[in-house]
Structures are given as C-alpha cells and as structure tokens.
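To keep things clear, I will list the structure first and then write my remarks on it.
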Amino acid sequence: MEETYLYDPNLLLKLDFHRSPANFKPFISAANPGEPWMKVRPLKDTDYDRGFLQLLSQLTHVGNVNRTQFLTRFSQMKASGDYFVTVIEDTRKNEIIGAASLVIERKFIHNCAVRGRLEDVVVNDTYRGKQLGKLIVVTVSLLAEELGCYKMSLDCKDKLIKFYESLGYVAIPGNSNSMTIRYDEGPTLKRNATSAGSSGTVGDSCQTNSQFYNFFSPFCY
C-alpha cells in the first residue's frame with residue numbers, strides 16, 4: 001500500500017544538529033539517530049497501525065479514535081501545511097517510539113512572520129538512555145528554524161525546565177507561566193445573560209469580551 005508523508009521528509013536532511021546547544025554523547029542527528037533500526041521521519045498516514053495513538057496515550061488522553069477519524073485529521077493537517085508531526089520509528093518492530101509536533105502560527109506581527117509551537121512530545125519509556133527525548137525535540141526545533149519561524153514556544157512542567165534549557169529554550173522573565181482556558185471540562189465562563197435578543201445589550205456583551213481578552217493579552221503574542 002502506498003504511504004503518504006505528512007510533510008516532505010527531505011526537510012529533515014537539511015537540519016544541522018551542530019547548530020543546537022544540545023550535548024549529544026555520542027553525537028546523533030535525525031539522519032543518523034544512533035541505531036540502524038531507528039528512523040526519524042514525518043508522520044505517515046499508515047502510522048495508525050504502528051501504534052502512534054497508543055504512544056500519545058502515554059502522554060495524555062487520546063480517546064477512541066478510529067482509522068477513519070485518524071485519516072481525516074491527517075488529511076486536514078497535510079492540506080493546511082502548518083503541521084509537522086515528526087516521529088521516531090523502531091523499524092524492527094514497525095512501531096512508533098517517539099513523537100513531537102511543530103505547529104506553525106501565521107502572524108501579522110513581525111512583518112507577517114511565522115512562529116512555531118512545540119506540542120505533544122513523547123518517547124516510549126522503554127527506550128530510555130538513547131537520547132531520544134533530546135533527539136525529537138532538537139529535530140523539530142531545528143525544523144522550525146529551517147521553516148523561517150522567528151521563535152519557537154512550548155509549555156512544560158516545572159521538572160522539565162532544566163531539560164528544555166539544555167536544548168536552548170529560556171524562560172522569559174515576567175512571562176514564564178502558561179495560562180489556559182479549557183472548553184472540555186465543563187462550563188468555565190458564564191455567558192452574558194443580556195448578550196443577544198435584547199435592545200442595547202450587544203455593546204455590553206462586546207465590552208465584556210474585550211475586557212476578558214485584554215486581561216489575557218500579555219500572554220498572547
């Protein structure tokens with residue numbers, strides 16, 4: 001069966017791992033990941049059968065995603081051109097053992113620049129000691145630079161700060177915390193009861209929303 005990459009795998013061959021401050025011992029890269037049976041590559045549409053979703057479930061809740069849902073989302077991501085899900089495969093087992101996602105945000109600021117976001121970093125914990133966490137993060141970080149991103153951002157737990165610092169990431173003083181509003185854990189905001197259908201209330205509703213976004217605006221750039 002013909003397989004489709006999410007993005008051009010030749011992009012990974014252009015990455016210069018010597019540009020990263022990461023200290024690899026021994027030195028490895030996306031092109032030479034340290035073992036002949038390891039391969040760093042873009043996600044494929046056939047990775048549903050290689051345990052990609054099962055690997056993600058070691059990171060967070062995935063849900064009961066069927067093949068059709070997976071292929072639909074894969075096609076949507078590929079069509080957008082802004083998703084660069086990168087994986088590490090154990091070719092002996094035909095199994096995905098590491099993954100990370102680079103998501104491109106297109107901006108008006110900085111002369112219509114693009115920025116990157118690092119998401120969903122996970123490595124199978126049975127492969128410890130092979131520097132795979134460093135490898136997958138550095139790969140997508142260098143990929144963001146190759147694609148012209150003016151910066152790359154991520155959210156991480158406190159215990160991982162030193163790890164990401166060793167790979168060149170820094171916490172910005174006064175703006176080092178991540179703030180989130182969730183929509184999948186029940187109602188978090190009460191809708192303005194006078195928002196629509198009543199005369200003279202639409203403006204009040206817009207003002208409320210404006211105040212809400214202004215409150216969070218320092219974290220949204």
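Is at least one residue of region 71-83 part of a strand (DSSP E or B) and surrounded by 12 or more Cβ atoms within 10 Å (Cβ to Cβ)? Reasoning before the result, please.
Of region 71-83, the ones part of a strand (DSSP E or B) are 83.
Applying the additional criterion that residues be surrounded by 12 or more Cβ atoms within 10 Å (Cβ to Cβ) yields 83.
Within region 71-83 (the criterion being part of a strand (DSSP E or B) and surrounded by 12 or more Cβ atoms within 10 Å (Cβ to Cβ)), the answer is yes, since at least one residue qualifies.
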Among the residues listed as 89, 105, the single one being closer than 20 Å to residue 146 by Cα and either open to solvent by less than 20 Å² (accessible area, probe 1.4 Å) or in a strand (DSSP E or B) (or both): 105
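Of all the residues that make up region 108-135, how many are among the hydrophobic types (A, V, I, L, M, F, W, C), surrounded by 14 or more Cβ atoms within 10 Å (Cβ to Cβ) and farther than 20 Å from residue 85 by Cβ? First the steps, then the outcome.
Step one: of region 108-135, the residues among the hydrophobic types (A, V, I, L, M, F, W, C) are 108-109, 112-114, 118, 121-123, 132, 135.
Checking which are surrounded by 14 or more Cβ atoms within 10 Å (Cβ to Cβ) leaves us with 113-114, 118, 121-123, 132, 135.
From what's left, farther than 20 Å from residue 85 by Cβ: 113.
Selection size over region 108-135: 1.
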Any hit, region 15-22, residues being among the basic types (Lys, Arg) and either open to solvent by less than 50 Å² (accessible area, probe 1.4 Å) or farther than 21 Å from residue 153 by Cα (or both): no
Scope region 23-50; condition farther than 22 Å from residue 83 by Cα and open to solvent by 40 Å² or more (accessible area, probe 1.4 Å); matching residues: 23, 25, 26, 27, 32, 34, 35, 36
Residue in region 21-44 that is over 17 Å from residue 137 (Cβ atoms) and under 18 Å from the mean Cα position of the chain (by Cα) present: yes
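The values are calculated or read from the model by the stated rules, or taken from the named source; none is laboratory data. Treat the numbers as computed from the prediction; the structure is a model and nothing was measured. Here Cβ is always computed from backbone atoms with ideal geometry, including for glycine, and neighbour counts include all displayed protein chains. For the accessible areas, the whole protein counts, side chains as well, though only heavy atoms, and no ligand, DNA or RNA atoms are used. Shrake-Rupley method; radii C 1.70, N 1.55, O 1.52, S 1.80 Å.
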